[in-house]
Structures are given as C-alpha cells and as structure tokens.
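The values are calculated or read from the model by the stated rules, or taken from the named source; none is laboratory data. If you're wondering where the values come from, they're calculated on a predicted model, not measured in any experiment. Because the Cβ atoms are built from the backbone with ideal geometry, glycine has one as well, and the counts that use them run over all protein chains shown.
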C-alpha cells in the first residue's frame, strides 16, 4: 500500500483551489436512479469514492461516465435492484441508492453499509422513515430488502436525532411518493441543501431546505438536469488547518465561507487570521503560539465532526490546554495514538480529547485510520521536526483530490511512496 512522506518545517505559502464537495457529490449522484433522463453533474472531485459509486450504478444498468470533473449518468432502464455487499461495504454512501431504487422500482435489495471505522452509524432512521412512506422492510443475511409494489405514499417523519444520511435517503424517496411528505428534525447541512436544489431543478417540489422541517410534494416523474456541485467545505477547512499549523499564509480559492462559518470562528480564536470574500478565504498563521480552544462537534451549523481530527492536530501545538468533544460519533479519536507517536500530549476521557500543547512535534511513522485522520496526520507532519511517514493512505484517496500536488504548490515537502 502507498505511503505519504512529509518533511516538516516549511510554512505553506500560496494558493489552493478547493475541489467540489465529495460528500455532496455522493449524495447527489443517486438522483440518476429517480429518472430515465440524462443527469450531468459538474465540479465532481476525482476521488476513489466517486468511482466506487459509478461502479455500483453500472450494476444497476446505469450508463455512467466520468471525465474532467463531469459525471454523466443515465438510468434509461434499471436492470438490477440489488446493491451488493462487495461494493456497499467499501463506502457507506452507497447505501443511498436504497431510496431512489425503492421510489422508482418499488423494490430494492441493498447491503448494509461499510465505510470508515469511526463507530456505529446505524441505518434505522432511514428504514423507519421509509416504513412511514409505506415500504415493507426486512433484514436478511446482511441485506435490507425493501418493497413498495404500489409505490410510496407521503407521510410525516419525525427523526429522534438529526441524521444527514437518513435525510438524504428520505428526501430522494419522497420526491416520487404520492402526496406530501414532511421530514421533522431534518439535517440542515449544505450537502442536503444542494441535493434539494438539484432535485428542484429536476421538477421536484421541495420547501424548507436549510431548516429542520422539509416538505416534499410528490411528483409523477423527474426530468433531466445539469447541476454544479458546491465546493468542499471539509477540504477547505482541512487546508486552512494545514496553513495555520505550518505557520503559513494560504489563500483558498473557490471556497464558500458561508458553509464553514462556525469552523472559521474557532480558527480565529486560535489567533489565526481569517480574511474572506465571496469565493476565497485567506488563512494567515499567528506570529506567536496558537491559542487553545474548547470545541464540541455538532450537527450543522455547529462545528463539523469531519474537521475534528484536524483541529486536534492543530491544538497539539497551542499554548495551553484544549478540550475537543466529539458529539456526533463514538470511537472517532483513533488518530490520537498516532499523534502521540509524534510527541503530542493528549488524554482521551470518554467523548473528549484533552490536548496539552507542546513546543514541537517530531516526525514518526504513523498509520491512517480513516479519511479525516489521514489529513490530520499529514497536517501535523508539515510542522513536525524531521520526516513523518503516513501509511494506509488509501483512506485519503477516498476523499481528497490531488492533495500532494496542492500542498507541493505551496512549498510543502511531501511525496507519495509507492508500494
């Protein structure tokens, strides 16, 4: 397996163009299953998760192609309603084909999902919501078998907790259901809003995007669409942390600061300068030591869980003690033992990481445990004394487009070591 080697000590300086959102692309691509018309999506990042999803679509009979940031999809005829374990187990977002297949075909057999090992992320909210819409759901040998031979019917779905995945599943399914569907306690993430905007372009009738109550009036069919994916807020935040931890000065292009306002406020609290305009953000590290912050990850618009690991890395060098509490997932501090190998002083107490800032980090051999942990360790390596070698970077390739090239362009000493 490939590794990435980072030699620390060079502040990042320059510009980085933010790619299209990986999470949003994965949420929107399954809309192709809701229509027999062409779907064109642009600003798609060239990452392995996108290719995995295209492979799954081809299993369903979708004509799928990807070139130069544009994916073309057309499900003129769905030939197979089974999403197999060998694909779905690789990537949790594959599970999102369940709603569209069920809504259009009246049946679906989808493997229970896989993805990053960051704790249990059950799909019960997805399934209970579909049952409200009239689906008959059974679990059999690791598969969800869903049937609605007479189609789905609108209903009122109240989710006990905010769930981005369940909101995405139910939003897509409800577009073709008969009557009105109301999703209460819906997720407000930009990914959900962009999905809703794409569906509206296809003829869906949706109100309340960006609020905790979404109303969908079902339609008989959806039309073709051409839609541009929003910028990746997690990538923007990750490079912002990389700039700050390296002592650098970086301008992020094609960024949407409105999607990461909470993160940017916390970053400012560390002493990092943040200057923003409509489509770019300049990050300048403080002259002295970083200041500690206390953070709890929350559903949007709170602090994003996908930027938790990166902020833990940043706070290892703060002047004082920080507490970062994970409010979304359990078992999402697996990057902590790896940071300790680099000299970080971190105690994990339940859902919180207590980070005691140190004067310097030291390069070491470390192992990536999930997608966001990968970039966390690379960011730490940018400042660490000596060489840091990060293994299992296939996690990184799932969600970051051309990371080494983007960092190299800003002066980072970074290279991929081929296996």
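Residues in region 295-316 that are within 30 Å of residue 209 (Cα to Cα) and either free of Cβ contacts under 8 Å to residues at least 60 places away in the same chain or in a strand (DSSP E or B) (or both): 295, 296, 297, 298, 302, 303, 305. Of all residues in region 136-176, those being buried (at least 24 other Cβ atoms within 10 Å of the Cβ) and in a loop (DSSP other than H, G, I, E, B) number 2. Only a single item in (1) crowded, with 18+ Cβ neighbours inside 10 Å; (2) without any contact (Cβ under 8 Å) to a residue 24 or more places away in the chain is not met by residue 181, and it is number (2).
If I filter region 33-45 for residues that are in contact (Cβ under 8 Å) with a residue 24 or more places away in the chain and over 21 Å from residue 202 (Cα atoms), do I get at least one hit? Let's see the steps before the verdict.
In the first step, residues of region 33-45 are kept if they are in contact (Cβ under 8 Å) with a residue 24 or more places away in the chain; the result is 33-45.
Add one more test, that the residue is over 21 Å from residue 202 (Cα atoms), and what stays is 45.
Yes, there is a match, as at least one residue in region 33-45 is in contact (Cβ under 8 Å) with a residue 24 or more places away in the chain and over 21 Å from residue 202 (Cα atoms).
Among the residues of region 79-103, just one is closer than 20 Å to residue 222 by Cβ, in a loop (DSSP other than H, G, I, E, B) and in contact with a helix residue (DSSP H, G or I) (Cβ under 6 Å, 6 or more places away or on another chain), namely 81. Checking each residue in region 310-349 for being within 13 Å of residue 296 (Cα to Cα) and over 20 Å from the mean Cα position of the chain (by Cα) picks out 322, 323. Restricted to region 58-74, and to residues that are touching a residue at least 40 places away in the same chain (Cβ under 8 Å) and more than 18 Å from the chain's Cα centre (by Cα), which residue is surrounded by the fewest Cβ atoms within 10 Å (Cβ to Cβ)? Step by step, filter region 58-74, then rank; the result is 74.
Here is a check on your reading of the model: is residue 419 modelled with pLDDT under 95 and touching a strand residue (DSSP E or B) at 6+ places or on another chain (Cβ under 9 Å)?
yes
Checked against (1) crowded, with 19+ Cβ neighbours inside 10 Å; (2) assigned to a helix (DSSP H, G or I), residue 197 passes all but a single condition, namely (1).
Mind listing just one residue for me: the one in region 118-153 that is touching a helix residue (DSSP H, G or I) at 6+ places or on another chain (Cβ under 7 Å) and under 14 Å from residue 83 (Cβ atoms) and, of those, modelled with the highest pLDDT? In this case the residue turns out to be 146.
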